[in-house]
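See below for the structure under consideration.
The values are calculated or read from the model by the stated rules, or taken from the named source; none is laboratory data. Because the structure is predicted, anything quoted here is derived from the model rather than measured. Methodologically, a virtual Cβ is constructed for each residue, glycine included, from the backbone with ideal geometry; neighbour enumeration extends over all protein chains shown.
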Amino acid sequence: MSRHLSVSVAMAAFVLVGGALAGFAADPPIPIGVSVAQTGPVALAGQEQVLGAQIAEEFFNKHGGVNGRPIKLVFQDGGSDEPTSINAFQNLINVAKVVGIMGPSLSQQAFAADPFAVRAKVPVIGPSNTAKGIPQIGEFVSRVSAPVAIVAPNAVKAAMEIDKNLKKVAVLYAQNDAFNKSETETFQQAVKDLKLDLATVQTFQTTDTDFTAQVTNVLNVKPDLVIISGLQVDGANLVKQLRDLGYKGLIVGGNGVNTAAIFPICKAKCDGILIAQAYSPAYKSRVNDEFKAVYKDKQKKDPPQFSAQAFTGIQVFVEALRALDKKSPIAKMDLATLRVELNRQLISGTYDTPLGEISFSTGPGMGGEIVQKQAYVAQIKMDPDGAKGTFVFVK
Ligand code: 1QQ
């Protein structure tokens with residue numbers, strides 16, 4: 001009996017969320033979709049995104065939610081491939097009836113899944129999509145992850161400051177992934193702009209495990225710097241094999257290896273990798289201090305970029321919902337109207353986030369790109385036994 005009762009109450013709540021968000025005395029929580037990689041190889045980064053989003057949910061609900069009404073994150077695993085992220089988006093849009101979606105993890109997935117949200121007129125915030133062309137997918141797509149074109153060259157400059165005689169560069173990239181193709185273009189352009197010598201370019205697949213051929217070709221040109229664009233598992237394995245086969249020079253890694261989750265793969269050989277950052281735990285602001293304190297309490301270390309960006313994505317949704325609700329009560333809007341108005345609102349706002357103050361570009365066909373001033377570079381420092389490591393900020 002009581003079980004039936006609770007089921008029907010749950011169903012009533014679901015129907016209510018699904019239909020017009022009617023003005024009830026106790027309005028149900030506002031559902032915001034989160035679809036990041038909770039399974040597959042990219043879950044190494046995705047788990048940091050889940051945590052950042054959960055901290056944001058707790059944090060903003062504690063601070064009054066959306067003018068008194070709580071938000072509820074609806075997690076739908078986006079996996080590490082395109083079909084899984086497309087399914088997740090469709091579920092969030094049509095079944096969970098979310099007001100907007102934060103996701104997916106990879107640019108490769110965004111190019112596949114975001115068009116479904118664009119057609120359904122559902123706002124999407126990319127938490128970690130850094131390839132060129134993401135906001136251009138459509139009117140309902142924006143991102144809080146600064147593009148590689150802005151962030152990545154900083155790591156090459158940092159390498160040049162460490163090695164003043166740096167000249168010869170070898171570049172490797174995963175050619176079956178949209179983000180890595182975009183990132184390597186930026187890196188290769190930076191090498192040319194900085195008047196370095198691009199001695200060799202080697203390609204691989206994100207599914208590769210043996211990089212002997214590529215590493216041999218790299219060692220043959222005797223580079224001072226190796227720049228790698230890969231995802232977490234392949235990228236870390238490539239670093240490990242470079243060191244195993246005797247490379248002793250500097251390594252710049254891309255956003256794909258921007259997580260402590262690579263430490264168990266390359267262990268002590270992760271030491272020294274330079275990685276550009278769109279977030280620094282040292283950034284001074286009230287919201288970053290609060291975010292950092294909650295994260296540190298849970299994880300006993302400073303928050304990583306992927307967590308900070310995920311927190312920021314949820315913050316943008318919450319603050320845009322608050323602003324919209326003040327102009328025109330969202331409880332009176334049907335879901336389709338709310339989604340469209342939310343997108344309009346979020347793109348026009350300015351947000352004081354752990355990433356710094358951010359806003360979005362606007363204009364027909366050009367909206368949704370993050371405008372962010374801060375960019376940093378960190379270097380991985382591993383304990384000699386390879387069990388533990390940290391990101392040390394050098395810029
Ligand atoms: C992208 C990325 C990845 C490294 C995120 C996990 O930056 O796919 O755009």
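Structure notes:
- Selection within the range 168-183 - under 20 Å from V377 (Cα atoms) and surrounded by fewer than 18 Cβ atoms within 10 Å (Cβ to Cβ): none
- Filtering the range 72-89 to residues that are farther than 24 Å from E58 by Cβ and either among the small types (G, A, S) or outside any loop (DSSP other than H, G, I, E, B) (or both) leaves G79, S80, E82, P83, T84, S85, I86, N87, F89.
- Taking the range 218-277 as the range and being within 16 Å of the ligand (Cβ to nearest atom), within 14 Å of Y173 (Cα to Cα), among the hydrophobic types (A, V, I, L, M, F, W, C) and surrounded by 24 or more Cβ atoms within 10 Å (Cβ to Cβ) as the test, the residues that pass are I227, I228, L231, A236, L238, V239, V252, V257.
- Some residue of the range 166-173 being within 14 Å of the ligand (Cβ to nearest atom), in contact with a helix residue (DSSP H, G or I) (Cβ under 6 Å, 6 or more places away or on another chain), over 30 Å from N343 (Cβ atoms) and among the hydroxyl-bearing types (S, T, Y): yes
Conditions (1) of a type in the set (D, E, K, R); (2) out of contact with any Ser or Thr (no Cβ under 7 Å at 6 or more places or on another chain); (3) modelled with pLDDT under 95; (4) part of a loop (DSSP other than H, G, I, E, B), marked per residue:
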| position | (1), (2), (3), (4) |
| --- | --- |
| N343 | no, yes, no, no |
| I347 | no, no, no, no |
| T362 | no, no, yes, yes |
| G365 | no, yes, yes, yes |
| Q379 | no, yes, no, no |
| G386 | no, yes, no, yes |
| T390 | no, yes, no, no |
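- Residue check for Q90: within 13 Å of the ligand (Cβ to nearest atom) and at pLDDT 95 or above: no
- Residue, farthest from the ligand (Cβ to nearest atom), within the range 33-64, restricted to residues that are surrounded by 19 or more Cβ atoms within 10 Å (Cβ to Cβ) and outside any helix (DSSP H, G or I): G33
- When residues of the range 118-135 are limited to those that are away from the ligand (no atom under 14 Å from the Cβ) and either farther than 27 Å from Q54 by Cβ or over 17 Å from the mean Cα position of the chain (by Cα) (or both), the one surrounded by the most Cβ atoms within 10 Å (Cβ to Cβ): V122
- When residues of the range 380-395 are limited to those that are of a type outside the set (A, V, I, L, M, F, W, C) and under 16 Å from K240 (Cα atoms), the one surrounded by the most Cβ atoms within 10 Å (Cβ to Cβ): G389
- Hey, F75 in contact with a Pro (Cβ under 8 Å, 6 or more places away or on another chain) and aromatic (F, W, Y) or not: no
- Checked against the criteria, A158 counts as surrounded by fewer than 24 Cβ atoms within 10 Å (Cβ to Cβ) and of a type in the set (G, A, S).
- Residue pairs whose Cβ atoms lie under 7 Å apart, separated by 6 or more positions or on different chains, with the first residue in the range 36-50 and without any contact (Cβ under 8 Å) to a residue 60 or more places away in the chain and the second part of a helix (DSSP H, G or I), are Q38/G46; Q38/V50.
- If the condition is being within 16 Å of the ligand (Cβ to nearest atom) and either touching a Lys or Arg at 6+ places or on another chain (Cβ under 9 Å) or at positive phi (or both), then the range 136-150 contributes P147, V148, A149.
- Residue that is within 16 Å of the ligand (Cβ to nearest atom), in contact (Cβ under 8 Å) with a residue 24 or more places away in the chain, surrounded by 22 or more Cβ atoms within 10 Å (Cβ to Cβ) and not in a loop (DSSP other than H, G, I, E, B), where the choices are F317, F311: F311
- A Cβ distance below 9 Å, combined with a sequence gap of six or more or placement on separate chains, defines the contacts here; from the range 101-119, residues that are outside the structural domain of V316 (by TED's automatic domain parsing) and closer than 20 Å to Q175 by Cβ reach no residue that is within 11 Å of the ligand (Cβ to nearest atom) and part of a helix (DSSP H, G or I).
- Annotation: of all residues in the range 178-209 being within 13 Å of the ligand (Cβ to nearest atom) and among the small types (G, A, S), the one that is farthest from A158 (Cα to Cα) is A178.
- Where a residue in the range 240-261 is farther than 23 Å from P127 by Cβ and in contact (Cβ under 8 Å) with a residue 12 or more places away in the chain and its partner, wherever it lies, is among the basic types (K, R) and not in a loop (DSSP other than H, G, I, E, B), with Cβ under 6 Å and at least six apart: K240/K269; R243/K269
- Among residues of the range 362-379, those that are surrounded by fewer than 22 Cβ atoms within 10 Å (Cβ to Cβ) and in contact with a Pro (Cβ under 7 Å, 6 or more places away or on another chain), counted: 2
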